[in-house]
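Single-structure report; data block below.
What follows is calculated from the coordinates using simple rules that are stated; it is not laboratory data. Source: prediction; values computed, not measured. Glycine also receives a Cβ, built like all others from the backbone with ideal geometry; neighbour counts cover every protein chain displayed.
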């Protein structure tokens, strides 16, 4: 048995120690569906991840398993410098969970080289989950000090306008969170957003 296989065996064994049936049931009731869901809180998953070195092979194998905890651990254990933009897009395109999309952005995608370019491209995707993840990535980048240039800011605001004009609640929520971070960069960015989104009469400003 190679080390990756042994690590996965140990990780899954650990899941039983942290299993939370109440949390798992609550997630199902809220529509967070997975083939298998142990209901383990994120704090405990971080504790599990801390016991392993980051590894491309381990993360890749965990990602293949349609288990909530495996997917989240994969985002925690994948080295950012080993994750290409193409692989990131493949991961998110095959994600059906809003929670996993957010974990991808929080734990991994925001740390990729040229993450802002990836997120900007994803804003124009015809895949809903990809667009939602793009907003999550941009949120994290804004929090870390990323300041888009005028062209990039215009692209972001136009896509936010499009999202807020639509009917998808999840996309709207992600767009509003992104907008909140965008306007907090400076008064100049806030004024730009106010101008582009004025017709929406949003009360976020």
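Computed from the C-beta positions of residue 152 and residue 54, the FRET efficiency with R₀ = 30 Å rounds to 0.50. Multiplying the residue separation of residue 167 and residue 13 by 0.36 nm and removing their Cα-Cα distance gives an extension gain of 51.2 nm.
The stretch between residue 47 and residue 87 holds 11.8 nm of extra length on full extension. This uses 0.36 nm per residue minus the Cα-Cα distance.
Given the chain, what whole percent of its Cα pairs are spread farther than 22 Å? It works out to 52 percent of all Cα pairs. Let me check against my output: what whole-number percent is the relative contact order of the range 80-205, with C-alpha pairs under 8 Å and at least 6 apart? Relative contact order, the range 80-205: 21 percent.
Rounded to two decimals, the Cα-based Rg/Rh of the range 130-188, with Kirkwood Rh, is 0.94. With contributions of -39500 (n - 2.57) from each DSSP H run of at least four residues, the per-residue ellipticity at 222 nm computed over the chain stands at -20500 deg cm²/dmol.
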